[in-house]
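A.B. asks: Sharing a structure below in C-alpha cells format, with a few things to ask.
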Amino acid sequence: MSQQGGREGGRENGGGGLARSAGFVAAKGAGLIAIAIVVGVVLLQVVDDGTTGPVSSATDDDPAVTTTTEGGAGSTTTTTAAETPARTPDQVRIVVLNTGAPAGAAGDLSGALATAGYVNQVDASDWAIDRPGRTVFCKAGLEREATALAIAVGEGTTSEPFPEPAPPSSDDVDCVVAVGATA
C-alpha cells in the first residue's frame, strides 16, 4: 500500500480532521456566547435593584414633570404641570344656536359637525340675539378645542370666551356655536 493511498483511505474511514475541527470550534464558540448571555442576564437580575435610572420618567399619565439638575453647590428641582392632551371632537359636548341665520341653519350646521366627529351634541335651538357670522364660544381651559371646532365650523368662524350670562341650552356643554346672519 502506498503512502498516498493510506491517506485517502484515512479520509474514507472518517479521518476528515480539518472539517471536523472547524465544526467543533464553531459549536464551542456558540456555546460560549450563550453562556455569556445567560451569565449577563443573571448578573443584571441580581445586581440591579431597580432604584437607579433616569431622574424623571414622565409619561402621558403623569400629572407633573420633575426635572432635577445637579450642580457644584447642590441641586435644583423644578416641577411643571404636564399639558393635558386636547379633547377629541367626540369628547367635546356642543350646542349649535341660531343667532339670526335663516331657519334651519343651526340644525344643518349641527348635522355637518356630527359628520366631522362632533357627535356629543345638545339639540340645536335659537338664541334670542342677532349676531353676524359664525362664532365659537368655549368654556375656560378649552382654547385648543375652540380652535379645532372653529376650523370644523368653517372659514371665517371666530372664537371668543364663553359669554356671561350663559347662552340658552348651554348648562351641560363645553362649547356653543352661534350661527348668525351672513353678509
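A.B. asks: Taking R0 as 35 Å, what's the FRET efficiency between THR158 and ASN120 from their Cβ-Cβ distance, rounded to 0.05?
C.D. replies: Values: r = 22 Å, r/R0 = 0.64.
Once the sixth-power term is evaluated, E becomes 0.95.
A.B. asks: So how do SER159, SER110 line up by other beta-carbon neighbours within 10 Å, fewest first? If you can, show how the numbers build up before the last one.
C.D. replies: On the way: SER159 18, SER110 22.
Listing SER159, SER110 from fewest to most nearby Cβ atoms yields SER159, SER110.
A.B. asks: Under the rule a/c < 1.5 gives rounded, and otherwise a/b versus b/c splits prolate from oblate, where does the range 119-165 land using the Cα gyration tensor?
C.D. replies: Rounded shape, in that the Cα axes give a/c under 1.5.
A.B. asks: Could I ask something else about it? Could you line up GLU145, GLU83 from fewest to most neighbouring Cβ atoms inside 10 Å?
C.D. replies: GLU83, GLU145
A.B. asks: Evaluate the charge dipole of the range 74-183 about its Cα centre and quote only its size in Debye, nearest 20, assuming +1 on the Cβ of each Lys and Arg and -1 on the Cβ of each Asp and Glu.
C.D. replies: Value, rounded to 20: 180 debye.
A.B. asks: What are the residues whose amide H is under 5 Å from the amide H of ASP174, where those residues sit 5 or more places off or on another chain and H is modelled from the backbone?
C.D. replies: Close amide H contacts, sequence-distant or interchain: ARG93, ILE94.
A.B. asks: Spin-label point model (7 Å from Cα, Cβ direction): what's the THR147 to ALA34 distance in nm?
C.D. replies: Computed distance between label sites THR147 and ALA34 equals 5.8 nm.
A.B. asks: What is the ratio of the Cα radius of gyration of the range 82-151 to 2.2 N^0.38 Å, where N is its residue count, to two decimals?
C.D. replies: It is 1.14.
Bear in mind these aren't lab numbers, they're just calculated from the coordinates by the rules spelled out. Since the model is a prediction, treat every value here as computed from it, not as a measurement. As a convention, Cβ positions derive from the backbone with ideal geometry for all residues, glycine included, and neighbour counts pool all protein chains shown.
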